[in-house]
Structures are given as structure tokens and as C-alpha cells.
Number of protein chains: 2
Amino acid sequence: MTTDTVPKEVALSVSLGDGSKITVAGMAKGAGMIHPNMATLLSMVVTDATVDPELLQEIVREAADGSFNCITVDGDMSTNDTLLLLANGAAGAPAITKDDAESYNEFKDAVCKVARKLAKKIVSDGEGATKFIDIHIKGALSDQDAKRAAKSVANSALVKTAFFGEDPNWGRILCAVGYSGIEVDPSQTDLFFKVPHGKKLQLVSQGQPLEYDETEAHEMLTGRKVCVIVDLHLGPGEAKVWASDFSFKYVEINAHYRT
Amino acid sequence: MTTDTVPKEVALSVSLGDGSKITVAGMAKGAGMIHPNMATLLSMVVTDATVDPELLQEIVREAADGSFNCITVDGDMSTNDTLLLLANGAAGAPAITKDDAESYNEFKDAVCKVARKLAKKIVSDGEGATKFIDIHIKGALSDQDAKRAAKSVANSALVKTAFFGEDPNWGRILCAVGYSGIEVDPSQTDLFFKVPHGKKLQLVSQGQPLEYDETEAHEMLTGRKVCVIVDLHLGPGEAKVWASDFSFKYVEINAHYRT
């Protein structure tokens with residue numbers, strides 16, 4: 001651990017098609033310089049399943065795309081992010097192959113889930129983080145467009161400081177969607193805040209602010225976790241990006257931290 | 001003024017080819033959400049020269065490219081930056097045309113200079129700014145590449161907090177050049193710090209850190225202005241971008257400021 005404040009570990013057991021049990025376990029490290037395109041982030045995922053190295057490589061890429069490549073703390077991509085996936089076959093279970101679709105999917109889902117949980121732990125422990133922001137863009141022309149807009153929101157200093165201030169500043173969010181450069185029709189855009197497993201509040205409908213209760217909106221942001229949902233109503237594209245906020249502590253850590 | 005702490009005004013008189021005098025004067029406003037691609041930034045430049053509207057439009061574009069489009073406070077492009085250039089001919093000087101190259105160049109240089117000074121004043125008064133960082137990328141394959149790398153450095157939260165901490169962290173600077181995506185050969189890259197009208201210190205030569213005096217490097221960053229020069233030694237491309245640092249005050253202003 002460098003500026004990490006907690007260790008990040010996840011383990012998961014799953015049953016394969018033939019009933020045999022395998023375990024997928026992982027750890028990750030990193031708190032700043034987090035904007036992986038799998039670049040200072042280190043993560044190891046290990047399993048006792050039996051898997052061909054080429055298939056492992058294919059699965060680890062898919063797992064990285066849906067986990068570590070969906071997070072940001074500060075928008076600074078590191079020069080050396082690493083995600084390793086190792087399989088030793090110690091469970092004695094049949095080898096994972098695409099021919100056995102059930103086992104393959106069980107295994108792949110387990111790896112993706114472990115990677116996603118580790119990636120979220122990295123964001124939760126991001127340098128100076130007081131919030132975990134789940135940014136969900138829907139209705140974009142493509143998934144790539146949605147991811148580009150979500151990353152733009154996730155990396156906006158103005159959005160991140162607003163969340164630190166627990167300020168329901170939807171204007172900054174839509175501004176960042178706009179300057180991401182993707183296709184947007186403001187007159188069709190909806191925006192919601194949602195507390196995980198809790199209340200959902202619409203703030204913007206078809207580009208126009210609704211008469212929502214400002215105090216209620218602010219209160220939704222006082223918890224540690226919050227979802228932002230932007231629906232562009234243009235197509236099937238969708239993406240989620242997970243980000244931390246921008247606090248005094250982030251500045252303190254990075255004005256004075258040296259390796 | 002919104003979060004501006006000082007008004008920003010510049011005036012300049014120049015002599016045209018025939019000896020007649022004209023004046024170019026401007027003002028600008030804006031302190032946050034500053035990453036113009038001429039988008040909340042407002043600037044007006046006026047002149048008593050006589051100029052055809054089409055020629056004015058051409059000159060204002062060139063002036064914006066070399067001034068407001070070279071600055072960043074927080075990387076957040078606004079939805080409504082404005083730069084207006086108005087000419088009323090009140091000086092009674094001959095009309096500016098490209099046929100009279102001397103007068104044309106004198107006038108264009110004056111407009112560009114006023115715009116550049118205003119743009120730098122915006123950065124100096126950037127929200128929470130304690131530093132004015134002049135980022136100069138040389139030796140890139142093209143000017144566009146150089147500008148892309150300079151903006152990547154200028155917008156890096158890690159670079160900006162390091163300058164706030166007066167920390168000569170050249171690694172964060174080279175990292176941001178690298179993830180900008182332009183062509184770089186680390187084994188050819190040099191990096192210098194320079195105090196305007198003062199000392200120049202090389203920290204990196206051909207990708208390797210030199211044995212510079214850490215205290216001396218730190219002291220160069222204690223003033224308000226500092227230049228970073230990165231020479232990629234690959235081609236003729238060159239660009240300058242002007243940026244502020246990232247301070248506690250920026251977070252404070254933006255966690256609590258609402259329009």
C-alpha cells in the first residue's frame with residue numbers, strides 16, 4: 001500500500017457445469033494516479049480453476065474493460081497499471097473451455113465480478129475520496145459514446161468538487177456530457193440522482209430543470225454513495241463509470257506526496 | 001465579475017504604416033470553468049481602427065487560437081465562452097487591408113497581443129490559483145501534437161497539485177505527456193524548469209533524471225510564475241499553454257459556489 005488506506009481483497013466461489021467448485025480471489029492496490037486504461041494500479045486475481053492461458057488472456061481483457069477501465073480518481077493515467085489473472089488448477093475441476101458454455105460463463109462472470117468489486121474498492125479508497133459516484137449514461141448512439149460521456153463527467157473537476165460539496169449541480173454534469181464531443185440533443189436529455197437501493201429523483205426532463213425540492217436533492221448527496229443517471233434518448237448505447245470526488249484531502253496528499 | 005477577484009483590462013496603441021495611431025483595448029471575465037475552445041469566459045476587444053468585418057473575423061479567430069484557446073484553469077470547457085472584436089474607425093486612420101501588409105501586421109499583432117495578455121490575466125486570477133505555469137512543449141512532430149501534450153500536462157490534477165505544493169515532480173509532467181497519446185521517444189526527452197527572466201535548470205536529459213539540486217529546484221517553484229519546458233527532439237512542433245495550479249481554495253470555491 002502507498003497512499004491506500006485499506007487493503008482491497010475479494011474472493012468468490014462458484015459451481016461449474018459439472019457441479020465442481022472453483023474459487024476466484026483477487027487483490028488490488030492504488031489510490032491516486034487512477035484513470036486506468038490498464039496502466040500504478042496493481043491487481044492480481046487468482047483462481048484454482050484449470051484454464052488455458054490464451055482463454056485466461058481473453059477473459060482478463062474483458063474483465064479489465066468492465067472494471068478497472070471504468071474507474072477514475074483523478075484522470076491521471078499511470079504508466080504502469082497491472083492486472084494479472086493466474087490459474088493453477090488446484091481445484092481439480094474440469095478445464096474451462098468455450099465448449100462447455102455453462103462453466104465458461106460461470107467462470108468468466110466470477111472473474112469479471114471479482115475485478116469489478118476490486119475496481120470499486122479502488123475508487124472508494126481513492127485519494128481524499130468522500131463519495132463514490134456511479135455515473136450511468138444511457139440512450140447514447142453507442143456504448144463507446146456513452147463511456148466517453150461518462151468519463152468526461154467522472155473527470156470534471158467542477159463535477160467532482162460539487163459532489164464533495166454535496167451540491168446537486170446538474171448543470172455541471174450536463175456541461176461535461178456536452179463537451180465530451182458525443183452526439184447530444186439537449187431537448188431530449190433527462191437527468192436523475194439515485195441513492196443505491198433507495199430514492200430516485202428526476203432533476204431534468206427533456207433538457208429543462210424540474211421543480212424538484214433542492215433540500216431533498218442535497219440530502220441524497222449526503223451519503224457516501226450516489227448514482228447519476230443521464231438518459232440521452234438517442235440510441236441503445238450505455239456505460240457506467242465509477243468515480244471519487246475531489247476534496248481538500250486530495251490536494252493535500254498530492255501537494256506533498258513524493259515517491 | 002463572478003468568482004473573479006480582479007478586473008482584467010488591457011490597452012495598446014500602435015502606429016500603422018502611414019504613421020496614424022490606432023488603439024486596441026480589451027477586457028475579459030472568468031475564473032473557473034476555464035478550458036476554452038472559445039466557449040463562460042467573456043472577452044471584448046475594441047479598436048478605433050477601420051476594419052472590414054470579414055477581416056476582423058479572420059483576425060479574431062487567429063487571436064483566440066493563440067490566446068484564450070491556450071489556457072486552462074480546471075479543464076472544464078464552458079458552454080458559452082465569448083470573444084468579441086469590435087472596430088468603430090474613430091481613429092480616422094486608413095482602413096486595414098491585407099494589401100497594406102505593414103499596417104495589417106501591426107494591427108493583427110496588437111489584437112493578438114491584447115488577447116494573449118487578457119488570457120494570461122484569466123489564468124493568473126483562476127479560481128484558487130497560487131501559480132502561473134507556462135508549459136512549453138518543443139520538438140514534437142507537429143504543433144498540434146505539441147498543443148495536445150501541453151494541454152494534457154496543464155490539465156493533470158497531479159501536476160497541478162504538485163505545483164501548488166512547490167514540488168519539482170517532473171515524473172508527473174512526463175507521465176501526462178506520455179498519456180496524451182502523441183509520439184514520444186522517452187530516450188530523447190529533455191525537461192527543464194525556468195523562472196521567467198531568471199534561472200533555467202535541466203532536470204531530465206534523454207529520459208534520465210540528472211543529479212540536480214532538489215532544494216534549488218524546489219526554490220524555483222516558490223515564486224508565482226514558472227516555466228516548464230519539455231523538448232521531445234522529434235520534429236519542429238511547438239506549443240505553449242498557460243495554466244493555474246490546483247489548490248485547497250479551488251476545491252473550497254467549487255464545492256460551495258452556485259449560480
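Mind telling me which of the residues B:ASP109, B:ASP134, B:ASP125 ends up being away from chain A (no Cβ under 14 Å) and closer than 26 Å to A:SER152 by Cβ?
B:ASP125
Among the residues of the stretch A:90-98, is there at least one that is among the β-branched types (Val, Ile, Thr) and modelled with pLDDT under 90?
No, the conditions are met nowhere in the stretch A:90-98.
Return yes when A:PHE246 is crowded, with 23+ Cβ neighbours inside 10 Å and either within 8 Å of chain B (Cβ to nearest Cβ) or at pLDDT 95 or above (or both) and no when it is not.
Taking the combined requirement at face value, the residue satisfies it.
Table: residues versus (1) under 24 Å from A:PHE248 (Cβ atoms); (2) surrounded by fewer than 21 Cβ atoms within 10 Å (Cβ to Cβ); (3) within 14 Å of chain B (Cβ to nearest Cβ); (4) at pLDDT 95 or above.
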position	(1), (2), (3), (4)
A:GLU166	yes, yes, yes, no
A:CYS175	yes, no, yes, no
A:SER187	no, yes, no, yes
A:ASP190	no, yes, no, yes
A:SER205	no, yes, no, yes
A:GLU216	no, yes, no, no
A:GLU219	yes, yes, no, no
A:ARG224	yes, yes, no, no
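Answer yes if at least one residue in the stretch B:120-130 is in a helix (DSSP H, G or I) and among the acidic types (Asp, Glu), and no otherwise.
no
In this structure, is A:VAL251 away from every other protein chain (no Cβ under 14 Å) and either touching a Leu at 6+ places or on another chain (Cβ under 7 Å) or surrounded by 15 or more Cβ atoms within 10 Å (Cβ to Cβ) (or both)?
Spelling it out, it is not the case that A:VAL251 is away from every other protein chain (no Cβ under 14 Å) and either touching a Leu at 6+ places or on another chain (Cβ under 7 Å) or surrounded by 15 or more Cβ atoms within 10 Å (Cβ to Cβ) (or both).
Among (1) away from every other protein chain (no Cβ under 11 Å); (2) in contact with a strand residue (DSSP E or B) (Cβ under 9 Å, 6 or more places away or on another chain); (3) β-branched (Val, Ile, Thr), which single condition is B:VAL159 missing?
The failed condition is (1).
Could you list all residues from the stretch B:27-61 that are at pLDDT below 75 and among the small types (Gly, Ala, Ser)?
Selection gives B:ALA28, B:GLY30, B:ALA31, B:GLY32, B:ALA39.
Inside the stretch B:83-96, can you point out the residues that are exposed (fewer than 14 other Cβ atoms within 10 Å of the Cβ) and in contact with an Asp or Glu (Cβ under 7 Å, 6 or more places away or on another chain)?
Of everything in the stretch B:83-96, those that are exposed (fewer than 14 other Cβ atoms within 10 Å of the Cβ) and in contact with an Asp or Glu (Cβ under 7 Å, 6 or more places away or on another chain) turn out to be B:ASN88, B:ALA90.
Determine, yes or no, whether A:ALA64 is assigned to a loop (DSSP other than H, G, I, E, B), at pLDDT below 90 and within 30 Å of B:TRP170 (Cβ to Cβ).
No: the conditions fail for A:ALA64.
I need the full set of residues from the stretch B:173-192 which are farther than 15 Å from B:LYS138 by Cβ and under 20 Å from the mean Cα position of the chain (by Cα), in order please.
B:ALA176
Just need a number here: residues in the stretch B:134-164 that are surrounded by 23 or more Cβ atoms within 10 Å (Cβ to Cβ) and assigned to a loop (DSSP other than H, G, I, E, B).
Here the count works out to 2.
Filter the stretch B:226-238 for residues that are part of a loop (DSSP other than H, G, I, E, B) and surrounded by 13 or more Cβ atoms within 10 Å (Cβ to Cβ) and give the result.
The answer is B:LEU232, B:HIS233, B:LEU234, B:GLY235.
Of these, A:VAL159, A:VAL123, which one is closer than 23 Å to A:ASP231 by Cα and among the β-branched types (Val, Ile, Thr)?
Residue meeting the stated conditions: A:VAL159.
Does B:VAL241 satisfy the condition of being within 14 Å of another protein chain (Cβ to nearest Cβ), crowded, with 17+ Cβ neighbours inside 10 Å, outside any helix (DSSP H, G or I) and not charged (D, E, K, R)?
So B:VAL241 does not fit the description; no.
Output the residues belonging to the stretch B:67-94 that are assigned to a loop (DSSP other than H, G, I, E, B), within 17 Å of the chain's Cα centre (by Cα) and within 14 Å of chain A (Cβ to nearest Cβ).
B:VAL73, B:ASP74, B:GLY75, B:ASP76, B:MET77, B:SER78, B:ASP81
The values are calculated or read from the model by the stated rules, or taken from the named source; none is laboratory data. What you see is a predicted model; the values in this text were computed from it and never measured. As a convention, Cβ positions derive from the backbone with ideal geometry for all residues, glycine included, and neighbour counts pool all protein chains shown.
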